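Read through the structure below, which is laid out as structure tokens, and then see the notes.
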Amino acid sequence: MTRAADREFMARALRLARNGLATTDPNPTVGCVLVRDGEIVGEGFTAPVGGPHAERAALAAAGDRARGATAYVTLEPCCHQGRTGPCTSALLEAGVARVVCAMRDPNPLVNGVGLSTLAEAGVAVEQGLMASGARELNEGYLARMSRGRPWVRSKIAASIDGRTALASGESQWITGADARRDVHRWRARSSAVMSGIGTVLADDPSLTARPDDDYGEFVAPLRVIVDSALRTPPAARTLSLPGEVVIFTVADATDRRPPLEAAGARIERVGGEPRCDPEHLLARLAELEVNDVWVEAGPTLNGALLEHGLIDELVLYLAPRILGDDARGMFALPPLASLGDSLELAIDDVRRVGADLRVRARPVTVLAPRG
Ligand SMILES: NC(=O)c1ccc[n+]([C@@H]2O[C@H](COP(=O)([O-])OP(=O)(O)OC[C@H]3O[C@@H](n4cnc5c(N)ncnc54)[C@H](OP(=O)(O)O)[C@@H]3O)[C@@H](O)[C@H]2O)c1
């Protein structure tokens, strides 16, 4: 097989994996293409939890034609008994001759053992082909497995002068309908949607994912409120909607707890004083198998997350309007002594969404600690 052919089949496996972006949570989404004599004999992608992994789906499609084939897989095949059997065993039983995988699975139960199991059984294995494409599909899973913390994307809708709400708190809607539709697609592919109590009190948001009908199936994200003193009103809209809501607090048993629990919230105490420690609550979300968190909060929580170096990606929607310096900004931060103390970003993507701009950017430095 030429390198160009290898790339072509891996690109196809990556495209297949995209089908599972919103349905495989908390598992990673994976694509697999089986090729024999230059011809695709089977392909598949990860099914929702409990269903077959990509390799098994492709093997089922290929049947006997998998013998002697090359498997192109976007993530290292699993080698442990989970909700389904190990994919390494399925590949060996089917007589696959070569496995090309895009990247290693950092899950401590796999982490290289999937590939070494195959190699020891005589399968030719390769790793690293088109790894960045594979990484991008599963940032959340990879973050949770390798650092015990979900991937955090903070969405901010702002005017082009960087303002997120009027001084009065009014912020609905700064951006247009297309941007809001895009936000619902992001919510649908996230494991959790998180907000701060300031936003809950100001906007009474649903925090649910409501993508267009053509979006297809998705696993409903967990809804998370960060609320140190349990000020969430039991009548908050998000509590009245189907699905799970977790409220993180540092308040011990108070009389505010029973009405919130009666309204359907799960209340979890995290470390921190006087406010929820953002690192603790993200570690707790990882324990709950949350891969990626979509934050829709105001400047207070966003500022705290940024200051702690906990935002992995910003998704900014910038509307072609100006709100002026009296309106609120994006991040409540302590004053910086010099420009050298500022946080620098790398811009990954800029596109128009309706009349607005969407900018995706990643922090590449950290903020200087508070003096
Ligand atoms: N344009 C947008 O994209 C957008 C999105 C969302 C909201 N908003 C706007 O933002 C405004 C609300 O902003 P906000 O800053 O008041 O609310 P926020 O950032 O959503 O929530 C802030 C609250 O979170 C709680 N919190 C708990 N732990 C924290 C920690 N470690 N660090 C910081 N905060 C922590 C604090 O209250 P406790 O100390 O009581 O816990 C804090 O007051 C509204 O006007 C809303 O419309 C705009």
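Values in this text are rule-based calculations from the coordinates and carry no lab data. These figures come from a predicted structure and were not determined experimentally. Positions of Cβ are generated from backbone atoms using ideal geometry, with glycine treated the same way; all protein chains shown enter the neighbour counts.
Using only DSSP helix segments of four residues or longer, with each worth -39500 (n - 2.57), what per-residue ellipticity at 222 nm results for the chain after dividing by its residue count and rounding to 500? Don't jump to the answer; show the numbers that get you there.
Values: 12 runs with 104 residues, N = 371.
Result for the chain: -8000 deg cm²/dmol, rounded to the nearest 500.
Expressed as a fraction of 2.2 N^0.38 Å, the rule-of-thumb size for a compact globular protein of N residues, what is the C-alpha radius of gyration of segment 207-272?
1.25
Between ILE267 and residues 5 or more places away or on another chain, which pairs have amide H atoms under 5 Å apart, with H built 1.01 Å from N, and which residues are they?
Answer set, sorted by chain and number: ILE247.
Give, in nm to one decimal, the length gained when the segment between ARG351 and ALA11 is fully stretched (0.36 nm per residue of separation minus the Cα-Cα distance).
Computed gain between ARG351 and ALA11 is 120.1 nm.
Evaluate E = 1/(1 + (r/R0)^6) for ASP255 and ALA202, where r is the Cβ-Cβ distance and R0 equals 25 Å; express this FRET efficiency to the nearest 0.05.
Computed FRET efficiency for ASP255 and ALA202 comes out at 0.55.
For ARG284, ARG135, ARG187, what ranking results if the residue with the fewest other Cβ atoms within 10 Å of its Cβ goes first?
Going from least to most buried by this count: ARG135, ARG284, ARG187.
Please report the antiparallel percentage of DSSP beta bridges with both residues in the chain, rounded to the nearest 5.
The antiparallel fraction comes to roughly 40 percent.
So how compact is the chain: Cα radius of gyration and Dmax in angstrom?
Rg and Dmax of the chain, Cα atoms, are 22.7, 69 Å.
When the Karplus curve 6.51 cos²θ - 1.76 cosθ + 1.60 is applied with θ = phi - 60°, which whole-Hz ³J(HN,Hα) does each residue of segment 94-108 get, with x for Gly and Pro?
7, x, 5, 8, 9, 10, 10, 10, 6, 7, 6, 8, x, 3, x
For segment 3-137, what is the percent of antiparallel DSSP beta bridges, rounded to the nearest 5?
Percent antiparallel among DSSP bridges in segment 3-137 is about 55.
Using DSSP loop states and a limit of at most 16 other Cβ atoms within 10 Å to flag GluC sites (Glu not before Pro), what is the longest stretch of the chain containing no flagged site?
Details: sites that count: GLU170, GLU217, GLU244, GLU289, GLU344.
The reported range is 1-169.
Show me 197-206, 96-105, 22-31, 75-84 ranked by packing, highest mean number of other Cβ atoms within 10 Å first.
Values: 197-206: 18.2, 96-105: 22.5, 22-31: 24.5, 75-84: 20.1.
Those peptides, ordered most packed to least, come out 22-31, 96-105, 75-84, 197-206.
Can you give the translational diffusion coefficient of segment 149-363 in µm²/s, computed by Stokes-Einstein from the Kirkwood radius over Cα pairs at 20 °C and 1.002 mPa s?
For the chosen part, D equals 120 µm²/s.
Which residue, SER195, SER132, SER338, tops the fluctuation ranking in a GNM of the chain built on C-alpha contacts under 10 Å?
Per the Cα network of the chain with a 10 Å cutoff, SER338 tops the list.
Build a GNM of the chain with springs between Cα atoms under 10 Å: which of ALA58, ALA355, ALA188 gets the top mean-square fluctuation?
ALA355
Counting other beta carbons within 10 Å of each residue's own, what order do TRP173, TRP294, TRP186 fall into, fewest first? Walk me through the numbers before you get to the answer.
Values: TRP173 11, TRP294 27, TRP186 19.
Arranged by neighbour count, lowest to highest, TRP173, TRP294, TRP186 become TRP173, TRP186, TRP294.
Rounded, prolate or oblate for segment 3-137? Axes are the square roots of the Cα gyration tensor eigenvalues, ordered a ≥ b ≥ c, and the cut-off for rounded is a/c under 1.5.
Note, shape of segment 3-137 comes out rounded.
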